[in-house]
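The structure appears below as structure tokens.
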Amino acid sequence: MAAVPRQISRRRRILIENLTAYAFLFPAGLLIFLFGIFPVAFAFFVSLHRWRRFPDEYVGLANYERALGDFAYALFFYAAAAAIAAGGYLLWRLFKEARPRLWVVPPLLAGAANTAAILLFTRWFFTLLPVILNIPVRLRGQERVQGLFVSELFASFQFPEVVAAWFPALAVVLAAVMVSYGAVRLARRNETAGRHLWLATGAGLLLALGALALNLTLEAIGAAAEAAQADGSELPIWSQIVFISLGMAAVAAAYQVWTRAARRWGDRQLVIGLAAAALLLVGGYALVTEVPRLLAAADRNMMSGFSVTIMYAAGAVPFQLMIGLGLAYLLFQKIRGTTAFRMVFFLPYIMPFVATSMVFSLLFSHRQDSLANHLIGAFGIPPQKWLLEPIGIFQLIFGPQIPSWLAGPGLALVVIIIYTVWTYSGYATVVFLAGLGNISGELYEAARIDGASGWQIFRNITLPLLSPTTFFLMLVATIGTFQAFTQIWMMRTPAAGRAVDNMSIYIFERITDASPNYGYGSALAFVLFFVILILTVTQNRIAGRRVFYG
Amino acid sequence: MADAVRPLDAVRSSPRRVRPIPWRTVLTYGVLLLGAVVALGPFLWMLSASLMRSSEIAAGRLLPEQLQINNYPEAWRLANLQQFMWNSVRITAITVGGELLFCIPAAYAFARMHFFGRSVLFGIMLSTMMIPAIATLIPNYLTVVWFSRLSESICGEACKWLDNWPSLTIPFMASAFSIFLLRQFFAQIPQELWEAARIDGAGHLRFLWSVVLPLSRAPVMTVAMFGFIGSWNALMWPLLVVQSDTWRPIAYGLQKFTQADAPNELHLQMAAAVLMIVPMLILYFFTQRQFTEGITSTGLKG
């Protein structure tokens, strides 16, 4: 190693540290950006176009309309509103934190510049993107010469629309870097300068994205209203949005009132509880009547895929968690062979899904003599067709007079739910076991001295202290079941029809069948992503409050 | 803790009287054993079925009448398992190697270096874990197709991405989860070690290589094991980017064998399935301690 100069100036050392860190981050960061972050924007871009193998014309929200009917407008409207609200919240935080007040100006300026720079740069990139993606189309019919693609790639940067987008982007990016640097330098003694810069940039981006989404929505609603007028019908979308907003507000208010009622006593609690129930009823009624009307023109297969996704999660997640918690609690009772049990329980989780789902499709085979039929035969139940049976489980149990919306998951889906519970319970056990290990033994000791029973200890010490683990597992399991693919792909049969096809399968089919439609597939994927996002946030808000962190 | 209690127990219980086994203990073991049977049962039946005749499986037998050892060589040959295994081994080795190479420095930077935008970049990276794979499937496929054409144009057929190892491995070489797991561990290494190394004239790279890595065998193993599981099980992405047997991974090969080539040879399917899980089983057996502890220490899964 070369001799280190004794006195490197502090600034130079910081510079070197920064550069080294970025060099360390670069390969992984590039890959995560390319295959983890950029695809989200890319998917949205694709979903706004007619896109079969190659980019075609811009169609606005048409792909979403095809998937969701009029509900697409409501969805985008709310997404835009949420983005604007979040941006506003960040701004408010910035204003609140800045001391003295005037310090809010430099980060605001820098945030605006950064937002403009990111937007203009993105615009340039997404102008370039279809041009370079269409290179194979432009080269069609030409002889395949090595390097032709590369020269066409260089030529793509010279396209007039690309060049036109490039120079403003470059100028604003440079300006933004300078302004940001200035803002941080100016506030050198202010430790929160960096944080304020990020806050302002985040706020700017959210506001801009919200405005863009709102614009997109209004555009689409305008076009749809015009088309409706030409038909002689009308599009009641605004009144519906207002109605749904009121419904959601009522439900949210009911929740608020309810949580407050829990802290009051006696009659008061009853009155408040009744008020909450009334609000809930009104809001629920608004949602239940309006949302289906908006969804009337939605893609039937998508709706079926969606309900399968929901039933799958609702069927699998609670059992996974309960079995996992039960086994972990038993394993924790100072018994012999904890390691061996843990190892065995964990086995289904790490073994290849392809192999284990093959086993399950034989165990639950439709043949008269399959092991599952033997098993239920022992209880006097007639043989079932299992994975070939699309009929809902409750209809099978209680007879065909059960209305179809109460039929529940098809028997085929129930088998897949059983499989999923089998695979994931061991994982839940291991994680719960770790959570139990984190609870201090003194608490149990103290409770035992106070004479608490086993159940009381479990109810009042174990469960509350375990709630972060439970919450985490609930989140992971829900997201996991929402994007399940392999096990369903392996166990689906033509006879079961769409009874087991969840959103992932439906999306995958849209892009692998004879005429792949990437635009529509991306729109579906984006809707699913949206639902997962909303679910995550809701679980965070609702369960997050009940979680007790030590 | 158990050891601390035991001597007391020994003092309390008189040596002559045999304590009756409490029913709670019996119940606990009973439930746990039931759980173990349910967890293991399908594996045992798979093993048993792989040694049956196809008709015996269809008849719902639990054990084979006669051990059909020949199922294994036949499945190996018919399902072309040699090729698929080799493919999966290659894919897994490249993926896991690349993952370690890229994720370890990134995790080190997040854990032990100070740079502009660290917390924001870390937050952005963590948030990518919330993005479902299906949402990025289509754009990533388009990206890979495009890269494939580009590299094919530059250096010919051999460097295309599609139907070749880059499309199967490169997108999975950096995982936010692995970086997170490693970072959690790296951040716990005492600062004094770094001070000492710096006085001895070591830079970050040297410190990472000769101090941090030797201390971090368990988390590195966990990350490698997760990478191994991920590529050994992958089905959706290979279905999209591979068209020929030269790079089809084992999951895809097995899926094709059961659904297209031999839908009625149930015994061969089971034999092939057993062969697919054997490498995983061996690896799990040797690493399970570090592995389950790696999961429980971070409580996360990618």
Considering segment A:79-138 alone, what residues qualify as being of a type in the set (Val, Ile, Thr), crowded, with 17+ Cβ neighbours inside 10 Å and more than 26 Å from the chain's Cα centre (by Cα)? A:104, A:127, A:131, A:132, A:135
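Listed here are the residues, each with its yes/no results for (1) over 16 Å from residue A:487 (Cα atoms); (2) buried (at least 22 other Cβ atoms within 10 Å of the Cβ).
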residue: B:212; (1), (2): yes, yes
residue: B:258; (1), (2): no, yes
residue: B:261; (1), (2): yes, no
residue: B:283; (1), (2): yes, no
Looking at segment A:306-328, can you tell me whether even one residue there is touching a helix residue (DSSP H, G or I) at 6+ places or on another chain (Cβ under 7 Å), facing chain B (nearest Cβ under 10 Å), hydrophobic (A, V, I, L, M, F, W, C) and under 30 Å from residue A:444 (Cβ atoms)? yes
Can you tell me which residue within segment B:125-136, out of those that are farther than 14 Å from residue A:527 by Cα and at the interface with chain A (Cβ under 7 Å from one of its Cβ atoms), is surrounded by the fewest Cβ atoms within 10 Å (Cβ to Cβ)? B:130
Matching entry among B:286, B:291 (being at the interface with another protein chain (Cβ under 10 Å from one of its Cβ atoms) and aromatic (Phe, Trp, Tyr)): B:291
Considering only segment A:4-25, I want to know if a residue exists there that is of a type in the set (Val, Ile, Thr), within 9 Å of chain B (Cβ to nearest Cβ), farther than 29 Å from residue A:199 by Cα and outside any helix (DSSP H, G or I). yes
How about segment B:141-234: which helices (runs of 4 or more DSSP H) wholly inside it have at least 1 residues that are away from chain A (no Cβ under 12 Å) and hydrophobic (A, V, I, L, M, F, W, C)? B:165-169, B:176-186, B:191-199, B:217-233
In segment B:36-57, the residues that are assigned to a helix (DSSP H, G or I), in contact with a helix residue (DSSP H, G or I) (Cβ under 8 Å, 6 or more places away or on another chain) and closer than 29 Å to residue A:426 by Cα: B:36, B:38, B:39, B:40, B:42, B:43, B:45, B:46, B:47, B:49, B:57
Residue check for residue A:290: surrounded by 12 or more Cβ atoms within 10 Å (Cβ to Cβ) and within 17 Å of residue A:80 (Cβ to Cβ): no
Yes or no: residue A:61 crowded, with 18+ Cβ neighbours inside 10 Å and either of a type in the set (Val, Ile, Thr) or in contact with a strand residue (DSSP E or B) (Cβ under 9 Å, 6 or more places away or on another chain) (or both)? no
For residue A:383: the one exception among (1) crowded, with 21+ Cβ neighbours inside 10 Å; (2) closer than 26 Å to residue B:52 by Cβ; (3) in contact (Cβ under 8 Å) with a residue 12 or more places away in the chain: (1)
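For residues in segment A:355-383 being aromatic (Phe, Trp, Tyr) and within 34 Å of the chain's Cα centre (by Cα), which is farthest from the other protein chains (Cβ to nearest Cβ)?
Selected residue: A:364.
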With the requirement that a residue be over 17 Å from residue B:181 (Cβ atoms) and either touching a Pro at 6+ places or on another chain (Cβ under 7 Å) or crowded, with 17+ Cβ neighbours inside 10 Å (or both), what does segment B:81-112 give you? B:81, B:84, B:85, B:87, B:88, B:91, B:92, B:94
How about segment A:407-521: which helices (runs of 4 or more DSSP H) wholly inside it have at least 2 residues that are within 23 Å of the chain's Cα centre (by Cα) and crowded, with 21+ Cβ neighbours inside 10 Å? A:411-437, A:463-482, A:486-491, A:503-512
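Is it true that residue A:328 is under 30 Å from residue B:274 (Cα atoms) and either β-branched (Val, Ile, Thr) or assigned to a helix (DSSP H, G or I) (or both)?
Judged against the criteria, residue A:328 is a match.
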In this structure, is residue A:207 within 35 Å of the chain's Cα centre (by Cα), closer than 30 Å to residue A:95 by Cβ and assigned to a helix (DSSP H, G or I)? yes
Pairs needed: first member in segment A:133-148, within 24 Å of residue B:140 (Cβ to Cβ) and facing chain B (nearest Cβ under 10 Å); second member anywhere, modelled with pLDDT under 85 and in a loop (DSSP other than H, G, I, E, B); C-beta distance under 8 Å; at least 6 residues apart or different chains. none
If I filter segment B:230-249 down to residues being surrounded by fewer than 20 Cβ atoms within 10 Å (Cβ to Cβ) and out of contact with any Phe, Trp or Tyr (no Cβ under 7 Å at 6 or more places or on another chain), which single residue comes out as farthest from residue B:86 (Cα to Cα)? B:243
Residue B:86 fails exactly one of (1) under 29 Å from residue B:191 (Cα atoms); (2) among the aromatic types (Phe, Trp, Tyr); (3) out of contact with any Lys or Arg (no Cβ under 9 Å at 6 or more places or on another chain), namely (1)
So which of B:229, B:189, B:199 ends up being free of Cβ contacts under 8 Å to residues at least 24 places away in the same chain and aliphatic (A, V, I, L, M)? B:199
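The values are calculated or read from the model by the stated rules, or taken from the named source; none is laboratory data. Since the model is a prediction, treat every value here as computed from it, not as a measurement. Because the Cβ atoms are built from the backbone with ideal geometry, glycine has one as well, and the counts that use them run over all protein chains shown.
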